[in-house]
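What follows is one structure encoded as C-alpha cells, with my remarks underneath.
The values are calculated or read from the model by the stated rules, or taken from the named source; none is laboratory data. Just so it is clear, the model here is predicted, and its values are computed rather than measured. Counting neighbours? That spans all protein chains shown, and the Cβs are built from the backbone with ideal geometry, glycine included. With ligands, DNA and RNA removed, areas are computed over all heavy atoms of the protein, side chains included. Shrake-Rupley method; radii C 1.70, N 1.55, O 1.52, S 1.80 Å.
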Amino acid sequence: MNFSTLFTMQRELDNFIQTNQAIEKDVFREKGLALVVELAELANETRCFKFWSTKGPSERDVILEEYVDSIHFILSIGIEKGFDVLNEWPEGKVNGELTEIFIETITSIQTFIFDPTMENYKSIWIHYGSIASRIGFSYSEIINAYIEKNEKNYTRQRTGY
Ligand SMILES: O=c1ccn([C@H]2C[C@H](O)[C@@H](COP(=O)(O)OP(=O)(O)OP(=O)(O)O)O2)c(=O)[nH]1
C-alpha cells in the first residue's frame, strides 16, 4: 500500500467519527493533544526511560498498537491543515537514544500545533520514522497494524465504547 492511501483511509475514518459523534467544531487542538498523549503512552510501553526498573518493554504488538494510534492522529492533524498531499513518508535522521528522540518528538508536535506549516508537519513524520527504526518496526509492519487498528476504530464507534 502506498503512503497516500493512509490519508484516504484516515479521512474516511475521521468523517465517520465526526458524523457519528455529531462534531461540528474545529477539533485540531484536541487531536494535537491526543497525539501528545499517544506519544506518552508509546514511551510508557517501551519503558525506555525507566532507569529505576528492571522490567523490560511490553510485548511488541502492544508497542506497535500504541505506535499506530499515533499514526492515526498524525494523519488526522495533517488532514485538518490540508497537508494530506504527501506521497512518501518524509525521511530524515534524528540522533540520540530513544528517550532523547521521544523528547524531541514532543517538541515537534507542539511546534506544529502552534505553527502548522508543511515543514513542521514533515518534522513529526521524521521523528516518528526515527522512533520506528530505533524500535525496529518496518514500514509494512506499521501499515498492517494501522489497517487493523483503523478497522477496530470503526467497530468501537459502532458499538459505542
Ligand atoms: O478523529 C479521530 C479520533 C480518534 N481516532 C482514532 C485514533 C486512535 O487509533 C483511536 C483513539 O485511541 P485509543 O484507541 O487509545 O482510544 P481511547 O479512547 O484513548 O481508548 P481507551 O479508552 O481504551 O484508552 O481513535 C481517529 O482516527 N480519528
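Just to be sure before I move on: is S76 closer than 16 Å to G129 by Cβ, surrounded by 12 or more Cβ atoms within 10 Å (Cβ to Cβ), under 17 Å from the mean Cα position of the chain (by Cα) and hydroxyl-bearing (S, T, Y) in the structure I sent?
Considered against the rule, which asks whether it is closer than 16 Å to G129 by Cβ, surrounded by 12 or more Cβ atoms within 10 Å (Cβ to Cβ), under 17 Å from the mean Cα position of the chain (by Cα) and hydroxyl-bearing (S, T, Y), S76 comes out as no.
Condition check: surrounded by fewer than 19 Cβ atoms within 10 Å (Cβ to Cβ) and at pLDDT below 95. Does K152 satisfy that?
Spelling it out, it is not the case that K152 is surrounded by fewer than 19 Cβ atoms within 10 Å (Cβ to Cβ) and at pLDDT below 95.
For every residue, the table says whether it meets (1) modelled with pLDDT of 95 or more; (2) within 16 Å of the ligand (Cβ to nearest atom); (3) surrounded by fewer than 13 Cβ atoms within 10 Å (Cβ to Cβ).
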site	(1), (2), (3)
I63	yes, yes, no
V85	yes, no, yes
L98	yes, no, no
I101	yes, no, no
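Could you list all residues from region 103-127 that are open to solvent by 80 Å² or more (accessible area, probe 1.4 Å) and of a type in the set (A, V, I, L, M, F, W, C)?
I103, F114
List the residue pairs whose Cβ atoms are under 6 Å apart, where the first residue sits in region 98-111 and is within 14 Å of L35 (Cβ to Cβ), the second is polar (S, T, N, Q), and the two are 6 or more positions apart or on different chains.
S108/S123; T111/N120
What residue, of N15, N20, is under 13 Å from N153 (Cβ atoms) and in contact (Cβ under 8 Å) with a residue 40 or more places away in the chain?
Being under 13 Å from N153 (Cβ atoms) and in contact (Cβ under 8 Å) with a residue 40 or more places away in the chain holds for just one of N15, N20, which is N20.
Which condition number in (1) away from the ligand (no atom under 16 Å from the Cβ); (2) open to solvent by 50 Å² or more (accessible area, probe 1.4 Å) is the one that N44 fails?
Exception for N44: condition (1).
Working carefully through the options K25, K31, find the one that is under 14 Å from the mean Cα position of the chain (by Cα) and either modelled with pLDDT of 95 or more or within 9 Å of the ligand (Cβ to nearest atom) (or both).
On inspection, the qualifying residue turns out to be K31.
Name the pairs whose Cβ atoms lie under 7 Å apart, with the first residue in region 135-157 and more than 10 Å from the ligand (Cβ to nearest atom), the second small (G, A, S), and 6 or more positions between them or separate chains?
Going by the 7 Å Cβ cut-off, the qualifying pairs are I142/A132.
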